[in-house]
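**Q** Let me begin by handing over the structure; questions about it come next.
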Amino acid sequence: MKILALEVGMIGTNCYIAYNENTNEAVVVDPGDEGTQIMAVVNKHHLKVVAIFVTHGHGDHIMALEDVREATGAPVYISQEDAKLLHNSTGNLSTFLGKARSFGEPDEFFTDGEELTVAGMPFKIYATPGHTRGGVCIQSGDVVFCGDTVFAESIGRTDLPGGDYDTILQSIKDKILTLPDETKLLPGHGPSTTVGWERRRNPFLQ
């Protein structure tokens with residue numbers, strides 16, 4: 001698996017494009033904004049997007065969802081709990097970003113512990129509520145796309161609707177810190193990190 005990363009939108013959301021270098025089939029993770037830019041990267045690398053994964057339903061992670069879906073025809077995956085946010089511009093916070101938007105129905109629902117193969121690549125889903133009620137982290141091999149659950153030496157906000165501080169800490173301890181130290185974490189904002197680094201250096205997890 002190869003991973004391309006680009007920062008999109010006014011809040012600097014990390015959008016990831018994971019692809020199978022043998023087939024050039026790809027998965028777009030969190031198309032946060034700037035759909036034209038995302039598709040430019042897809043086309044530059046001659047990729048075929050076969051799925052769109054959404055870690056949680058906040059506007060800064062889904063603003064380009066329909067653009068990418070329309071351009072590729074790829075199905076959208078999100079947890080059933082956060083799928084509710086797609087239809088609610090206040091709930092998904094796009095109203096507060098100055099771009100009130102609602103989005104179409106997803107095609108597939110993530111479930112906790114689910115293992116699936118997409119684009120010939122294995123993925124495992126971990127339910128990690130706390131930033132939102134239905135947030136997930138998505139593991140493939142030694143990499144985890146962790147949305148806004150955990151950041152480099154920080155954690156996701158819990159002061160927004162659906163957030164809960166104790167819950168996010170429990171999610172991180174149960175689902176992230178149980179992984180090997182060398183596991184790479186690719187968060188929704190900011191630089192990448194590792195499980196081991198966060199175990200030792202994240203002040204919220206001590």
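**Q** What is the gain in length, in nm to one decimal, between Ile11 and Leu169 on full extension, counting 0.36 nm per residue of separation less the C-alpha to C-alpha distance? Kindly include the intermediate steps, with their values, before the conclusion.
**A** Details: separation 158, 0.36 × 158 = 56.88 nm, distance 2.34 nm.
Extending this stretch completely gives an extra 54.5 nm.
**Q** Which is the longest part of the chain that has none of the GluC sites (Glu not before Pro) sitting in a DSSP loop with at most 12 other Cβ atoms within 10 Å? Kindly include the intermediate steps, with their values, before the conclusion.
**A** Numbers: sites that count: Glu21, Glu182.
Counting at most 12 other Cβ atoms within 10 Å as exposed, the longest clean stretch of the chain is 22-181.
**Q** Sort Val28, Val143 so that the residue with the fewest other Cβ atoms within 10 Å of its own Cβ comes first and the one with the most comes last. Walk me through the numbers before you get to the answer.
**A** Details: Val28 30, Val143 17.
Result, fewest neighbours first: Val143, Val28.
**Q** Sticking with this one: Based on the alpha-carbon gyration tensor of the chain and its eigenvalue square roots a ≥ b ≥ c, which shape applies: rounded if a/c is under 1.5, prolate if not and a/b is larger than b/c, or oblate? Intermediate results must be reported in sequence, preceding the final value.
**A** Details: a/c = 1.58, a/b = 1.16, b/c = 1.37.
Oblate.
**Q** Could I ask something else about it? Pop a pseudo-label 7 angstrom from the Cα along the beta-carbon direction at both Glu182 and Leu116 and give the gap in nm to one decimal.
**A** 2.9 nm
**Q** So what is the relative contact order of the chain, in percent, for Cα pairs below 8 Å that sit 6 or more residues apart? Can you show the working numbers first?
**A** Numbers: 489 pairs, mean separation 31.1, N = 206.
Worked out over the chain, it gives 15 percent.
**Q** A further question follows. Pick from Ala64, Ala100, Ala18: which residue has the top mean-square fluctuation in a GNM of the chain where Cα pairs under 10 Å get a spring?
**A** Ala100
**Q** Related question: If you take the charge dipole of segment 73-196 about its Cα centre, with +1 on Lys and Arg Cβ and -1 on Asp and Glu Cβ, which of Leu116, Asn88, Ala127 is farthest toward its positive end?
**A** Selected residue: Asn88.
**Q** Thr36 to Asn88: extension gain in nm, 0.36 nm per residue of separation minus the Cα-Cα distance?
**A** Details: separation 52, 0.36 × 52 = 18.72 nm, distance 2.39 nm.
Fully extending the segment from Thr36 to Asn88 adds 16.3 nm.
Every number in this text was worked out from the coordinates using simple rules, so none of it is lab data. As the structure is a prediction and not an experimental result, all values here were calculated from the model. Please note: Cβ atoms are built from the backbone with ideal geometry, for glycine as well, and neighbour counts cover all protein chains shown.
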